[in-house]
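Report on one structure; see the data block that follows.
The values are calculated or read from the model by the stated rules, or taken from the named source; none is laboratory data. The structure presented is a predicted model; accordingly, all values stated were derived computationally and were not measured. Every residue, glycine among them, receives a Cβ derived from its backbone with ideal geometry; neighbour counts consider all protein chains shown.
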Amino acid sequence: MSQYWSAVVNGLTPYVPGEQPKIANLVKLNTNEHPYGPSPKAIEAIRAEASDALRLYPDPTSERLRAAIAARHGITPQQVFVGNGSDEVLAHAFLALLKHDRPLRFPDISYSFYPVYCGLYGIEFATVPLDENLAIRPDDYLPTDGQAAGGIVFPNPNAPTGRLLPLAEIERIVAGNPQCVVVIDEAYVDFGGESAIPLTARYPNLLVVQTLSKSRSLAGLRVGFAIGHPDLIEALVRVKDSFNSYPLDRLAIVGAVAAIEDEEYFERTRQAVIRTRGQLVSDLSALGFEVLPSAANFVFATHPTRDAGELAAELRKRAIIVRHFRQPRIDQFLRITVGTDEQCGALIGALREILA
Ligand code: PMP
């Protein structure tokens, strides 16, 4: 703490970023990045843009990118907002669209940034416990005794559990909360979920947020987007304009457009991750792990007799890193990113040795 800090900063805790340690031959299965590189067409587009053009500011409205996203999802660019990673899109949504005089609701086990944004903006929140199977119970998000929430947000599939809520349940939550905005964070939806984007045509209180960091393998480019009714998008644009009129740089815009248009590469690499996930789940199960059903590019697994923290530490000694959360209810789980077949093979080989 410093005498020069404002009261707001005193209330904030530093974010512990996903680990990026410099270890030779590291098998990095801790931050849910895509194991295969981005589309070669995206890299080509970025190379071409890395030119004298960088002298000029980028298009503040990212028109080309919004048009590409709109075309892919059969909507209009007025229904698309883009930002510097979905983290930024979510931060703007918290500021722009959640009522600050009633508590925001999100699951007690969920994306760790939601309470951070609440702290930043002074938003009251009330977490909703997952059920005994670590699943979201949709009924818990329907208003009781006429009390509307200030807003609702959760990832689908949820993180770090990987569990998916069917679209019909999402619709029930959105339809049951017409007085507030429901934000569905679909960071992982391409690995096995059904997107709620089509529902935005019928529900003006639904905002769907996606990212190019996971299924498009562009975590390093920082591009995320939101889709919703033009009124919701307008609120996000106003917040964006007040922070940074040019959040997406020229390289990000052209790279993201090329990645979105390369449907063939997207489909092939997405399917490869889904296939490897199936093998990883069956290999972990054969070693005695219980694995939650995953619709994401990671699995959430617990061993009935071995401590998860110790397993993570043993793996680390073998240059394999997975994620262990020291958080009540899930401290006996490991979150393991689906890597290449070779990486997952190395993980299973190491676990077999550790458990022997
Ligand atoms: N939502 C969820 C649920 C996530 O796990 C992540 C990535 N850690 C994000 C949003 C943010 O992703 P990005 O900012 O890279 O788009």
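Things to note:
- Flag for ASP241 being out of contact with any Asp or Glu (no Cβ under 9 Å at 6 or more places or on another chain), within 27 Å of ASP52 (Cα to Cα) and in the same structural domain as THR200 (by TED's automatic domain parsing): yes
- Of the helices (runs of 4 or more DSSP H) lying entirely inside region 6-118, the ones with 1 or more residues being modelled with pLDDT of 95 or more, more than 16 Å from the ligand (Cβ to nearest atom) and more than 20 Å from the chain's Cα centre (by Cα) are found at 40-49, 63-73.
- Meets criteria (at pLDDT 95 or above, surrounded by fewer than 24 Cβ atoms within 10 Å (Cβ to Cβ), farther than 19 Å from SER294 by Cβ and within 11 Å of the ligand (Cβ to nearest atom)) for LEU212: no
- Pairs with Cβ under 6 Å, 6+ apart, first in region 95-114 and among the polar types (S, T, N, Q), second buried (at least 19 other Cβ atoms within 10 Å of the Cβ): SER110/PHE154
- Those strands (runs of 3 or more DSSP E) of region 289-356 in which at least 2 residues are free of Cβ contacts under 8 Å to residues at least 40 places away in the same chain, considering only elements entirely within it, cover 298-302.
- With respect to the conditions (1) within 16 Å of the ligand (Cβ to nearest atom); (2) outside the structural domain of GLY345 (by TED's automatic domain parsing), VAL273 lacks only one, and its number is (2).
- When LEU167 is tested against (1) crowded, with 24+ Cβ neighbours inside 10 Å; (2) within 19 Å of the chain's Cα centre (by Cα); (3) more than 30 Å from THR61 (Cα to Cα), exactly one condition is not met: (1).
- Between ILE170, ILE184, ILE136, the distinction of being among the β-branched types (Val, Ile, Thr) and farther than 27 Å from THR269 by Cβ belongs to ILE136 only.
- GLY309 vs. criteria touching a strand residue (DSSP E or B) at 6+ places or on another chain (Cβ under 7 Å), surrounded by fewer than 18 Cβ atoms within 10 Å (Cβ to Cβ) and not aromatic (Phe, Trp, Tyr): yes
- VAL181 vs. criteria of a type outside the set (Gly, Ala, Ser), within 16 Å of the ligand (Cβ to nearest atom) and buried (at least 23 other Cβ atoms within 10 Å of the Cβ): no
- A single member of ILE354, ILE320, ILE330 is surrounded by 14 or more Cβ atoms within 10 Å (Cβ to Cβ), under 19 Å from ALA159 (Cβ atoms) and hydrophobic (A, V, I, L, M, F, W, C), and it is ILE330.
- Among the conditions (1) hydrophobic (A, V, I, L, M, F, W, C); (2) touching a strand residue (DSSP E or B) at 6+ places or on another chain (Cβ under 8 Å); (3) within 13 Å of the ligand (Cβ to nearest atom), LEU199 misses just one, which is (3).
- Being within 16 Å of the ligand (Cβ to nearest atom) and part of a helix (DSSP H, G or I) is a property that ILE170 has.
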